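Beneath this line is the structure, given in structure tokens, with notes to follow.
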Amino acid sequence: MTLTTTTSPALKPRIDWTRPVLWLFAAVLIILILLPLSWLAVFAFTDKNRHPTLANFVTLFSNPDFLDPLLTTAIIATTSALICCIVAAPLSWLVSRTDMPGRQTIRALVTASFVTPPFLGAVAWELLAAPNSGLLNQLYRLFAGEDADALFNIYSMTGIIFVISCYTFPFVFVLVANALDTMPGELEDASAILGGNAWTTARRVTIPLALPALVAGALIAFLQAMTLFGSPAILALPAGFHTMTTKIWSLFQYPPKLELAAAAAVPLLVLTILLLQGQKALLGRRGYSVIGGKYGAPRRVELRGWRWAALGFCLLVLLNPVFLPYLALLNAAFSPNATTLVTPSTATLHNIVFVFTELSSTQLALKNTVILGTATATIGTILALVIAYVTTRKVIAGHRMLGFLATAPVAVPGIVLGVGLFLSYTRPPFVLYGTLWILLLAFLTINLPSAYQQLQAAFATIHPELEEASRILGATRLQALRQITAPLLRTGVIATWCFIFIGVMRELSAAIVLFTSQTKVLSVLIYDLNEGGDLAAIAVLGIAMLVITFAVVLAVNQIPMSGGNAAAKLRNG
Amino acid sequence: MASVELRGLVKRFGSFVAVDAVSLTIDHGQLVCLLGPSGCGKTTTLRLIAGFLEPSDGEIRVGDRVVSSKARTLPPEQRNMSMIFQSYALWPHMTVAENIVYGLRLRKMDRDTIAKKLAAILATTRLEPLAQRYPGELSGGQQQRVALARALIVGPETLLLDEPLSNLDANLREEMRFEIRRLHDEYRYTTVYVTHDQSEAMTTADLIAVMNAGKIDQLGSPEDIYARPESEFVARFIGAANVLKGTARDATHVEFAGAVLAVVGARLTAGQSAAVAIRQHEIQLSTRPPATAHNTLKAIVTRQVYLGMNRDTMVEAADGTTLRVTTPTAIAVEKGREVWLTLPPERCRALSR
């Protein structure tokens, strides 16, 4: 025994910078969120000379030009949400709770439809189901005769609902599959031991337990469908009708009617807030599905002869958001004519050459998108990290307020935020319109809530005593964060970064009101090309976009950080 | 090397008072247990000493310097303390060795010194073969020893332990109890130990502070606390004593359920209500009236359980008070029978609170 009993040299006092830094973050957050919403409110409730008035709302609720889009939006959102649930519920059950072959592949494919920007999906479906030129309609005419009516018309209410559902159902799928994944197997075993067979157990135990997740998913799907801009703009405008988002956008066209645009954004905002409150109430009661600690893994239902039929069903569903659209895009990229099936003899690289050398805005849009994606992901992750730290560790007074502010943008649809930012930053003291900064602010705000929630969940899995143990041994708060917390959070941080980056790539609804010719991003460029009918170029750009996304996500996952294998070892504590 | 002194320490969370004017002096090298039920403020007190919380009032001194006061709180890293956490708080991304030397690295010690100290502490805690493992690959007892090694290697002035044994199984807990005491005797840190387990406190502490509702109810040696409880709370919490409530006849006699009991302990005032504590095994139970009527009570047996070494008998006194008596296995009395209890005067402790 040679352990010395002398005390170690006392550590030198250091200044704790934490608090001023944290207050700074709070201030940033307030500017980010409250400023645009305040301007939105000011414009909605005033006339051109900024005199208070309710005239904007009177116009809104008496003019059929505004009432029709409101009704259309309601119909689209409701039906899409329903379809999403009907499709996603069986799919997630099959993937999570049965012995269906290829479960992991199906999961990956659903993720692929998640990553696909909805506007790109809409364009792909134009290629497939436009009444005259659509590939599917051409195929149909091969059998039904040259002058048969089109089988599908994507430029219709049904078409829009279909396409929106294709790219919204992953939200429901992820929520329900998660609930089913984490549901303790003992709950089902308890029903089995009392005499319930597999189907009774599923009906009486499994489904009721997953129901809250399903309803929450339906609400999210509803919100997505309601606030989406790209798909309705691409499909509804040619059909000659408007949704709320396209209507708000049209109010920005010359001559701009900013007051009406602001007022039209208010119903979207109010509805979103109400629905989110409803979702919170639902999920709040969900506590019962995660009672207690140690449960065994769930048993899988044996499908026996139905295994392959189940897989067939899943693949059939995924035909719509993944296989068909991507085939159509690939076809268009290599074909001389976007809506002719390519053959080895007609295959051409012309489209690719055109997009990258002749199309003048490609380079700029690519550059802008990558800059904005990287900057937003980096700043957003840091911001979310700090706020999640403050709220989970309750570092400063008012941490609850900070958490609320960080989640508040969830209730602000992209196009509404776009309107608010436009109103805030086209006038002194902050003239940012026309720069990339305003887009950065928009993307940051849009992606903050989910980034914050992801990192907050990651923080919650790290016991505060892990940090305290390092403090008491002599580490400052920042040292503890760097040496203990950061390595343990690595996986969560990287996932969040990628999530934001992908979010920026697919964002169109705020960008569409904020871009100028010098600040075009890929999504806006694709939208512009669609208006010009250049579908082949879109196909090339869309594929390029996905390639960039995957490349960046792969690269980021290679970044070495200390304690890289921490996640695998998070077994104690 | 220093003492730890709490002076009128208060911690409020909103309107809830978690720690209510606690004053306590822990001499250098002493091991003090904060003992109490959950929610009594013992862990909050410990976290105040560690500097994770700022006091609402009062102050904490280590040696002659104030480390916590309402005005200024020294952050934990500047207190030269160590702490063992309930969850052990081992860092899952570091090996056992990396966990242990973390504090030494922060102190910028040179490589050789660190290696030497590491070897020594690994030997003391019998962890040599596990040095390169990750915490997730260790059993509960091994994790506990790593936590101990990590806290001790920095040679802290003060060692804080927050329910360190509550995650271990019964056998291991007993072993670690003596291990902690042995290490304490070897290094003589000033130690504050928080627990809700009275036998843990009894075997490790020099001094026990029984806490209740944010206050220290009684402070004393293990023997003081067990044999001479001052309050009803301490009497019940430590060793589950019977508490009889009667009326004082004079300074040393209490009228209870029709009998007069001679008592020791707190001085009583005639005519006032009085509480008397007596332990289960200190009461003698007989089925026949005893020879002398001093300090005897009549009661009815309501339940009787055979425990192997002895019997646990519940009786009801004339006023309805239920008493528990531990009796030899030979005395088996069926339910409903009348019995006589003898309460030796030197075992009847009048409580001051």
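No lab work stands behind these numbers, since they all come straight from the coordinates. Small disclaimer: the values here were computed from a predicted structure and weren't measured. Positions of Cβ are generated from backbone atoms using ideal geometry, with glycine treated the same way; all protein chains shown enter the neighbour counts.
Key figures
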{"read-out": "Whole-Hz couplings from phi, Karplus 6.51/-1.76/1.60, listed for the stretch A:174-185; x for Gly and Pro", "value": "4, 4, 5, 4, 4, 4, 5, 4, 8, 5, x, x"}
{"read-out": "Gain upon complete extension [A:Leu364, A:Ala74; 0.36 nm per residue less C-alpha separation]", "value": "100.7 nm"}
{"read-out": "Amide hydrogen neighbours beyond the local backbone of B:Tyr193, cut-off 5 Å, H modeled", "value": "B:Val32, B:Cys33, B:Leu34, B:Leu161"}
{"read-out": "For the stretch B:240-351, size of Cβ-based charge dipole, Lys and Arg +1, Asp and Glu -1, in debye", "value": "140 debye"}
{"read-out": "Helix-only CD estimate at 222 nm, as mean residue ellipticity for chain A, using -39500 (n - 2.57) per DSSP H run (n ≥ 4)", "value": "-22000 deg cm²/dmol"}
{"read-out": "Nearest-20 debye value, the stretch B:4-227 charge dipole, Cβ charges on Lys, Arg, Asp, Glu", "value": "780 debye"}
{"read-out": "Length released on extending from B:Val17 to B:Lys335, taking residue separation times 0.36 nm less the Cα-Cα span", "value": "109.9 nm"}
{"read-out": "FRET efficiency, A:Asp147 to A:Ala309 (Cβ-Cβ, R0 35 Å, nearest 0.05)", "value": "0.40"}
{"read-out": "Cleavage-rule hits, trypsin sites (Lys or Arg not before Pro), the stretch B:29-63, DSSP coil, Cβ neighbours within 10 Å at most 10", "value": "none"}
{"read-out": "Antiparallel %, DSSP beta bridges [both residues in chain B], to 5", "value": "75 percent"}
{"read-out": "Hypothetical label at A:Ala457: residues of the stretch A:207-228 whose amide nitrogen lies under 19 Å (7 Å Cα-Cβ projection)", "value": "A:209-224"}
{"read-out": "Dipole of the protein assembly as shown, positive end: most advanced residue of A:Ala328, A:Phe173, B:Met309 [Cβ charges, Cα centre]", "value": "B:Met309"}
{"read-out": "In the stretch B:4-227, lysine pairs with alpha-carbon atoms under 27 angstrom apart (chain gap of 8 or more, or interchain)", "value": "8"}
{"read-out": "Longest DSSP-loop-exposure-free segment, GluC sites (Glu not before Pro), chain A, at most 16 other Cβ within 10 Å", "value": "A:303-573"}
{"read-out": "For B:150-159, mean number of other protein chain Cβ atoms within 10 Å", "value": "3"}
{"read-out": "Among beta bridges that DSSP assigns inside the protein assembly as shown, antiparallel share in %, nearest 5", "value": "75 percent"}
{"read-out": "The protein assembly as shown, dipole about Cα centre (Lys/Arg Cβ +1, Asp/Glu Cβ -1), debye to the nearest 20", "value": "1280 debye"}
{"read-out": "Relative contact order %, the stretch A:34-181, counting alpha carbon pairs below 8 Å whose residues are six or more apart", "value": "28 percent"}
{"read-out": "Relative contact order (%) - chain B, alpha-carbon pairs under 8 angstrom, separation at least six", "value": "16 percent"}
{"read-out": "Phi to ³J(HN,Hα) by Karplus 6.51 cos²θ - 1.76 cosθ + 1.60 over the stretch A:122-136, Hz, x for Gly, Pro", "value": "4, 5, 4, 6, 4, 4, 7, 9, 5, x, 9, 8, x, 4, 5"}
{"read-out": "FRET efficiency estimate (nearest 0.05) - Cβ-Cβ, A:Gln479 to A:Phe404, R0 22 angstrom", "value": "0.15"}
{"read-out": "Loop-located trypsin sites (Lys or Arg not before Pro) in the stretch A:47-143 whose Cβ has at most 16 other Cβ within 10 Å (DSSP)", "value": "A:Lys48, A:Arg50"}
{"read-out": "³J(HN,Hα), Karplus 6.51/-1.76/1.60, whole Hz, each residue of the stretch B:188-200, x for Gly, Pro", "value": "6, 6, 6, 10, 10, 10, 9, 7, 10, 9, 5, 6, 4"}
